[in-house]
1. Residues in the range 206-260 that are in contact with a Leu (Cβ under 8 Å, 6 or more places away or on another chain) and within 14 Å of ligand 3 (Cβ to nearest atom): how many?
2. If only one of G92, G111 is within 16 Å of ligand 3 (Cβ to nearest atom) and either aliphatic (A, V, I, L, M) or touching a residue at least 24 places away in the same chain (Cβ under 8 Å) (or both), which one is it?
3. Give me the pairs, please: first residue somewhere in the range 31-52 and part of a loop (DSSP other than H, G, I, E, B), second residue anywhere and of a type in the set (A, V, I, L, M), beta-carbon distance under 7 Å, and either six or more positions apart or on two chains.
4. Is it true that L252 is at pLDDT below 95, within 15 Å of ligand 1 (Cβ to nearest atom) and within 18 Å of V90 (Cα to Cα)?
5. Do we find that L157 is outside any loop (DSSP other than H, G, I, E, B) and farther than 14 Å from V86 by Cβ in this structure?
6. Residues G179, G257, G243, G173: which one is surrounded by 14 or more Cβ atoms within 10 Å (Cβ to Cβ) and either away from ligand 2 (no atom under 16 Å from the Cβ) or not assigned by TED's automatic domain parsing to the domain that holds P138 (or both)?
7. Which pairs turn up if I take residues in the range 195-214 that are closer than 16 Å to A228 by Cβ and look for partners that are aliphatic (A, V, I, L, M) and open to solvent by 50 Å² or more (accessible area, probe 1.4 Å) with beta carbon separation below 7 Å, at least 6 apart in sequence or on another chain?
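The values are calculated or read from the model by the stated rules, or taken from the named source; none is laboratory data. Given the structure is predicted, the values throughout are model-derived calculations rather than measurements. Cβ placement follows ideal geometry from the backbone for every residue including glycine, while neighbour counts extend to all protein chains displayed. These area figures cover heavy atoms from the full protein model, side chains too; ligands, DNA and RNA do not enter into them. Shrake-Rupley method; radii C 1.70, N 1.55, O 1.52, S 1.80 Å.
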Amino acid sequence: MIIESVKLVYFSPTGTTRAVVRGIARGLDPGNVEVRDITLPDARIEPLQASENDLLVIGVPVYRGRVPALLAGWLHALSARNTPAVCVVVYGNRIYDDALIELGDILTQRGCRPIAGAVYIGEHSLSTDDVPIAPGRPDAGDLFHAESFGRKIQEKLDAIPSADRITDIALPGCRPYRGDSRLQAADFIAVGDACIQCGICAEVCPVGAIDPEESRRIDTAACITCCACIKNCPQHARSIKPGSVHDMSVRLHALCGERKEPECFL
Ligand SMILES: Cc1cc2nc3c(=O)[nH]c(=O)nc-3n(C[C@H](O)[C@H](O)[C@H](O)COP(=O)(O)O)c2cc1C
Ligand code: SF4
Ligand code: SF4
């Protein structure tokens, strides 16, 4: 089938999902490419519309084994008509549970036809130099995998005459989905004296939880613990302070050291 436009959509506070989705796109043979980075709040105001001549490639990180809860509103406002869709989730080498099947279900409800799905590993949001968890992922091997996955999607599209000939794909996971995707409020960020109030942390926060004038003022009820502010601070002034979130990162470091590999479903 002929794809006129590829819509690349990702939510990616610390950049690993973005890297994977862009890697997949390198294997495709797109006409026109439209990138919708929905990480920042303003980008999640306008809903996405897609037609059967588009290919939607959508990637989200796994939060608590699920699609991040804060994306529910935007994803459920998406409007598609028989649009072939590639569902991608990126997890921090712990577990992805029901995130991929959940993303596939949401897209199907919104009018998409999932044509492929994949699971990749990204450096864990809580990973630090001292307590690394899947550091540097996706690495060159992961991105090579992503590009060849993109080529397989292209081959599949080339072999299908039209979107209504797409057959259902089986994505891993359980229904009803396990667990609770809502996050606990956490006051876990320490801001040191190196802070120069440059405002970058506030600019990269996906939920607008940081006061742009005073980086120490954080709306902890809104914070989703994504660590974008910590990883993007040019002064390395932000860190995870001792407490339950730090304890969790130490546990993940101890338990999730064994390398997991990407999986794809076509
Ligand atoms: C609130 C939260 C929950 C997470 N839950 C999981 C999880 O259940 N399993 C896992 O392996 N990684 C989990 N992670 C790690 C992220 O899925 C992983 O680091 C991902 O690569 C982040 O994507 P990004 O770089 O696009 O922000 C979680 C991260 C956060 C912030
Ligand atoms: S990014 Fe770092 S230096 Fe800039 S305001 Fe935030 S904490 Fe301070
Ligand atoms: S304040 Fe919370 S939600 Fe905002 S960037 Fe930092 S960790 Fe992420």
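1. Residues that pass the stated criteria total 9.
2. G92
3. Cβ pairs passing all conditions: G31/I3; I38/V9; P47/A77; P47/L78; L48/V9; L48/L78; E52/A163.
4. When the stated conditions are applied, L252 does not pass them.
5. No; evaluated as a whole, the condition is false for this residue.
6. Just a single option satisfies the conditions, and that option is G173.
7. P206/L40; V207/L70
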